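Report on the structure given below.
All of the numbers you see were taken from the coordinates with simple rules; none came from a lab. Source: prediction; values computed, not measured. Quick reminder, even Gly has a Cβ in these numbers, built from the backbone with ideal geometry, and neighbours come from all protein chains shown.
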Amino acid sequence: MTQQVRVAAVQAEPRWLDLAAGVDQVVDLIAQAARGGAELVAFPETFLPGYPWWIWLDSPAWGMQFVPRFAANSMTRDGAEMGRIAAAAGEHGVHVVLGFSEFDQGSLYMAQAFLDDTGDVISVRRKLKPTHVERSVFGEGDGSDIQVHDTRLGKLGGLNCWEHFQPLTKYTMYSLGEQIHVGSWPSFSVYRGAATALGPEVNTAASRVYAVEGQSFVLAPCAVVGPAAHELFCDTETKRQLLALGGGFARIYGPEGSELAEPLPETEEGLLFADLDFSLIAIAKSAADPAGHYSRPDVFRLHVNLAPAPRVVHAPAEEPADGELVILDR
């Protein structure tokens with residue numbers, strides 16, 4: 001393969017809990033990516049309307065003050081806001097993978113939308129299992145949310161944050177032939193120095209390992225915590241220490257683990273650009289293809305249920321047969 005694709009990964013502070021301002025920001029970043037020649041731009045986890053950092057900082061009772069506003073500023077997958085973002089993708093001829101909080105009949109989900117360069121919404125997926133305190137805000141996805149899409153750019157997929165520590169989810173993605181992966185992250189800001197597993201060393205490593213394990217390009221967009229976040233979420237000095245400023249560690253990796261873009265300082269906002277040379281995938285696959293020649297199906301096999309799991313299934317009412325007596329219990 002000789003195909004090359006120019007891509008961009010976002011490192012920016014969201015417009016916290018303000019959907020209208022956030023959509024303006026997303027549309028502007030799409031335009032910036034297009035001006036830089038990108039054919040794909042990837043956004044952090046729940047970039048709209050921003051990650052709910054209050055869940056890591058205090059009690060659930062204290063955090064309830066944010067819940068109505070967060071829900072009111074979460075986006076539906078088919079509303080006017082998504083339509084405007086899709087139109088921007090079509091106007092600028094750019095594919096978009098957007099992290100957002102999805103509102104659906106009263107429940108929220110950590111979603112990623114896939115938009116193509118004509119302005120069509122290819123799909124929306126949900127995080128299969130929100131992590132730790134995220135489960136106090138968000139519901140779960142199902143097997144249909146493990147997705148890899150055939151696009152003009154190649155086979156495109158995505159996961160959110162600590163889904164990159166779910167070995168079976170990752171293996172399923174590898175088996176679907178993913179070539180470009182978007183690993184969306186919220187910011188590596190919380191509990192810095194006290195919880196290594198939440199910090200940049202571990203989580204940037206997860207993105208890099210995903211690239212090497214799956215022999216795919218990995219775009220790892222990552223949000224920034226700035227003064228606006230402190231103003232909103234941190235009413236004490238202790239909370240300002242728990243949620244550090246910065247945390248932006250966006251990266252782009254090649255299928256053999258190379259770093260393809262110069263990182264920005266963690267407090268700086270901007271776009272990372274890289275040119276993806278698909279010939280690197282063939283070279284990486286020749287060494288180790290975990291769902292192909294590097295597998296041992298005689299020893300290990302993975303059974304996956306990719307079917308949607310609706311909470312309610314509406315069956316049509318059955319008409320009584322001729323002559324059948326129907327008694328209504330009142």
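Candidate cross-link partners of LYS239 among the aspartates and glutamates, defined by an alpha-carbon separation under 20 Å and a same-chain spacing of 8 or more, comprise GLU13, ASP58, GLU134, GLU231, GLU266.
LYS285: which aspartates and glutamates have alpha carbons under 13 Å from its alpha carbon, excluding same-chain residues fewer than 8 sequence positions away? Qualifying aspartates and glutamates at Cα under 13 Å: GLU178, GLU213, GLU256.
The value of relative contact order for the chain, using C-alpha pairs under 8 Å at least six residues apart, is 19 percent.
This ranking places LYS170, LYS129 by how few other beta-carbon atoms lie within 10 Å of each, fewest first, which gives LYS129, LYS170. The string of couplings for the stretch 181-197 from the Karplus curve (6.51, -1.76, 1.60, θ = phi - 60°) is 10, 9, x, 8, 10, x, 2, 9, 10, 7, 6, 4, x, 10, 10, 4, 5 Hz, one whole number per residue in order, with x for Gly and Pro.
Label point of ILE283 set 7 angstrom out along Cα-Cβ; within the stretch 242-263, amide nitrogens under 14 Å from it belong to 254-260.
Rounded to the nearest 20, the size of the Cβ-charge dipole of the chain about its Cα centre is 660 debye, with Lys and Arg at +1 and Asp and Glu at -1. Calculated mean residue ellipticity at 222 nm for the chain: -7500 deg cm²/dmol, from DSSP H runs with n ≥ 4 weighted as -39500 (n - 2.57), summed, divided by the residue count and rounded to 500.
Contour minus end-to-end for PHE165 and ALA205, with contour as 0.36 nm per residue of separation and end-to-end as the Cα-Cα distance?
13.3 nm
Here's the picture: charge each Lys and Arg Cβ at +1 and each Asp and Glu Cβ at -1 in the stretch 4-287, and of LEU19, ALA88, ASN203 the one pushed furthest to the positive end of that dipole is ASN203. Comparing THR204, THR238, THR118 in a Gaussian network model of the chain, where Cα atoms under 10 Å apart are tied by springs, the biggest mean-square fluctuation is seen for THR238. Set against the labelled values (1) 21.2, 78; (2) 21.3, 66; (3) 21.2, 69, Rg and Dmax of the Cα atoms in Å computed from this structure falls on (1). Each Lys and Arg adds +1 at its Cβ and each Asp and Glu adds -1 at its Cβ; summed about the Cα centre, the stretch 137-288 shows a dipole of about 220 debye. Gain on full extension, evaluated as 0.36 nm per residue between VAL133 and ASP298 minus their Cα-Cα distance, stands at 55.5 nm. Computed from the Cβ-Cβ distance with R0 of 25 Å, the FRET efficiency linking THR76 to ARG152 stands at 0.40.
Ordering VAL148, PRO49, ALA8 by Cα displacement along the dipole of the stretch 4-287 toward the positive end leaves VAL148 in first place; charges were set at the Cβ atoms of Lys, Arg (+1) and Asp, Glu (-1). Each Lys and Arg contributes +1 and each Asp and Glu -1, all at the Cβ; summed about the Cα centre of the stretch 76-215, the dipole is approximately 400 debye.
Only helices reaching 20 angstrom along their own axis (Cα) with mean Kyte-Doolittle hydropathy no lower than 0.5 count here, and for the DSSP H runs of the chain these are 19-35.
Distance from the Cα centroid of the stretch 47-91 to that of the stretch 131-168 is 18 Å (rounded to whole angstrom).
Neighbour counts of other Cβ atoms within 10 Å put ARG126, ARG192, ARG251, ARG152 in the fewest-to-most order ARG152, ARG192, ARG126, ARG251. Annotation: the residues HIS92, HIS303, HIS230, HIS132, sorted from fewest to most other C-beta atoms within 10 Å of their own C-beta, follow the order HIS303, HIS132, HIS230, HIS92.
Only beta bridges with both residues in the chain are counted; by DSSP, about 65 percent of them are antiparallel. Of all lysines in the structure, the ones whose alpha carbon falls short of 26 Å from that of LYS127, not counting any fewer than 8 places away in one chain, are LYS155, LYS170.
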